[in-house]
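Colleague: My structure is below; once you've seen it, I'll send some questions.
The values are calculated or read from the model by the stated rules, or taken from the named source; none is laboratory data. Computed from a predicted structure; not experimentally measured. Every residue, glycine among them, receives a Cβ derived from its backbone with ideal geometry; neighbour counts consider all protein chains shown.
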Amino acid sequence: MDWGLKNRLTNIIKPGTGRTVMLAVDHGYFLGPTTGLEDIKATTEPLLEYADTLMLTRGALRNCVSPEIDVPIVLRVSGGTSVLQDDLSNEELTVSMQDALRLNVSGVALSIFVGAENEKQTLANMATLIDEAEDFGIPVLAVTAVGKDMVRDARYIGLATRIAGEMGAHIVKTYYCDGFEKVVRSSLVPVVIAGGKKIEEKDALELAYNAIQAGAIGVDMGRNIFQSVAPVAMIRAVREVVHNDEKPDKAYDLFNTLKNAKG
Ligand code: R5P
């Protein structure tokens, strides 16, 4: 592995623990101004010091994030279909590698839609992106998007995760499911989980804990942090689960303590 690629991966996956808390705020690329991200700058600023990585789009980065931050960026580089479509899988690559380099990113991310109408197109997008990104030592994070018709079980998640690794993705972001150990065991590369739709804070911490204990190296979490009643308290509690193997009930106590703390 070349030095640049390794160095960028180290920016994303913290060497101290081998884990990462990625803050995902890229949802607008197909959802528009989703709840909590109407004002990306206001939402992300207080969270940045607790995020190992910030995942977002080119437009959000340029317009809502100061270039003076020292949080590594993972840039979303696929899109092309809005939430108004029934089938979200019709994605293309949306950012050139030159622009990703200009933006000094530590990684690029795209969605693949295994089992969906445009499966082949999105896998081809991934192959193209990996070839282009590797020319410049930029790691690729593959997001296994799950279509409405797909069952989120270990068989399906394991299939999509393995395909991403086989094709050369450096990290896979997927969804937690029962039997997640099998998904991780058969993955060729490190796995992080998405948080998914907003659930109770206690349940989200348990989800993160279960994923980590099953072998995930971290979370790439959005709504369960920025839609929380106390986003800073939540990301700090998530960090404890991810980096210190904190148990969910203890992490939830920490969340409540921080939430209720004055100032
Ligand atoms: C999905 O469209 C985006 O890649 C999100 O970044 C991803 O789903 C993670 O966010 P959340 O934790 O809100 O699911």
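Colleague: Restricting to region 35-46, give me the number of residues that are surrounded by 20 or more Cβ atoms within 10 Å (Cβ to Cβ) and either closer than 23 Å to Lys14 by Cβ or modelled with pLDDT under 95 (or both). Please lay out each step first, then the result.
Modeller: Kept after step one, since they are surrounded by 20 or more Cβ atoms within 10 Å (Cβ to Cβ), are these residues of region 35-46: 37, 40, 44.
Add one more test, that the residue is either closer than 23 Å to Lys14 by Cβ or modelled with pLDDT under 95 (or both), and what stays is 44.
Here the count works out to 1.
Colleague: So is Ser96 under 27 Å from Ile235 (Cα atoms), of a type in the set (Ser, Thr, Tyr) and exposed (fewer than 14 other Cβ atoms within 10 Å of the Cβ) or not? Explain how you work it out, then say what you get.
Modeller: Numbers: under 27 Å from Ile235 (Cα atoms): no; of a type in the set (Ser, Thr, Tyr): yes; exposed (fewer than 14 other Cβ atoms within 10 Å of the Cβ): yes.
No; evaluated as a whole, the condition is false for this residue.
Colleague: Would region 133-151 turn up any residue that is farther than 25 Å from Arg239 by Cα, touching a Leu at 6+ places or on another chain (Cβ under 8 Å) and in a helix (DSSP H, G or I)?
Modeller: Yes, there is a match, as at least one residue in region 133-151 is farther than 25 Å from Arg239 by Cα, touching a Leu at 6+ places or on another chain (Cβ under 8 Å) and in a helix (DSSP H, G or I).
Colleague: Then there is this: Which ones in region 72-92 are touching a strand residue (DSSP E or B) at 6+ places or on another chain (Cβ under 6 Å), of a type outside the set (D, E, K, R) and either in contact (Cβ under 8 Å) with a residue 40 or more places away in the chain or surrounded by fewer than 19 Cβ atoms within 10 Å (Cβ to Cβ) (or both)? Working first, answer last.
Modeller: In the first step, residues of region 72-92 are kept if they are touching a strand residue (DSSP E or B) at 6+ places or on another chain (Cβ under 6 Å); the result is 72-78, 80, 91.
Restricting the remaining residues to those that are of a type outside the set (D, E, K, R) gives 72-75, 77-78, 80.
Within region 72-92, Pro72, Val74, Val77, Ser78, Gly80 meet the criteria.
Colleague: Same structure again: For region 95-132, which residues satisfy the criterion of being of a type in the set (Val, Ile, Thr), within 21 Å of Arg162 (Cα to Cα), touching a helix residue (DSSP H, G or I) at 6+ places or on another chain (Cβ under 6 Å) and outside any strand (DSSP E or B)? Talk me through it step by step, then tell me what you get.
Modeller: Initially, region 95-132 is screened for residues of a type in the set (Val, Ile, Thr), giving 95, 105, 108, 112, 114, 122, 128, 130.
With the extra rule that they be within 21 Å of Arg162 (Cα to Cα), the set shrinks to 108, 112, 114, 122, 128, 130.
Then drop every residue that is not touching a helix residue (DSSP H, G or I) at 6+ places or on another chain (Cβ under 6 Å), which leaves 108, 112, 114.
Within region 95-132, just Val114 meets the criteria.
Colleague: Out of curiosity, is Ile12 in contact with a strand residue (DSSP E or B) (Cβ under 7 Å, 6 or more places away or on another chain), surrounded by 12 or more Cβ atoms within 10 Å (Cβ to Cβ) and in contact (Cβ under 8 Å) with a residue 60 or more places away in the chain? It would help to see each step written out before you state the result.
Modeller: Details: in contact with a strand residue (DSSP E or B) (Cβ under 7 Å, 6 or more places away or on another chain): yes; surrounded by 12 or more Cβ atoms within 10 Å (Cβ to Cβ): yes; in contact (Cβ under 8 Å) with a residue 60 or more places away in the chain: yes.
Yes, satisfied.
Colleague: Still on this model: Suppose we keep only residues that are under 30 Å from Thr35 (Cα atoms) and surrounded by fewer than 22 Cβ atoms within 10 Å (Cβ to Cβ) within region 177-189. Which one would you say is farthest from the ligand (Cβ to nearest atom)? Before the answer, list the steps.
Modeller: First, the residues of region 177-189 that are under 30 Å from Thr35 (Cα atoms): 177-178, 180.
If we keep only those that are surrounded by fewer than 22 Cβ atoms within 10 Å (Cβ to Cβ) as well, we get 177-178.
On the way: Cys177: 14, Asp178: 18 Å.
Top of the filtered list is Asp178.
Colleague: Among Lys173, Lys250, Lys202, which is the only one that is farther than 17 Å from Thr20 by Cα and either within 13 Å of the ligand (Cβ to nearest atom) or free of Cβ contacts under 8 Å to residues at least 12 places away in the same chain (or both)? Can you show your working first?
Modeller: On the way: Lys173 fails: farther than 17 Å from Thr20 by Cα; Lys202 fails: either within 13 Å of the ligand (Cβ to nearest atom) or free of Cβ contacts under 8 Å to residues at least 12 places away in the same chain (or both).
The conditions single out Lys250.
Colleague: Another question about this same structure. Which of the helices (runs of 4 or more DSSP H) contained wholly in region 16-75 include at least 3 residues that are away from the ligand (no atom under 15 Å from the Cβ)?
Modeller: Details: elements: 28-31, 40-44, 58-64.
Counting at least 3 such residues, we get 58-64.
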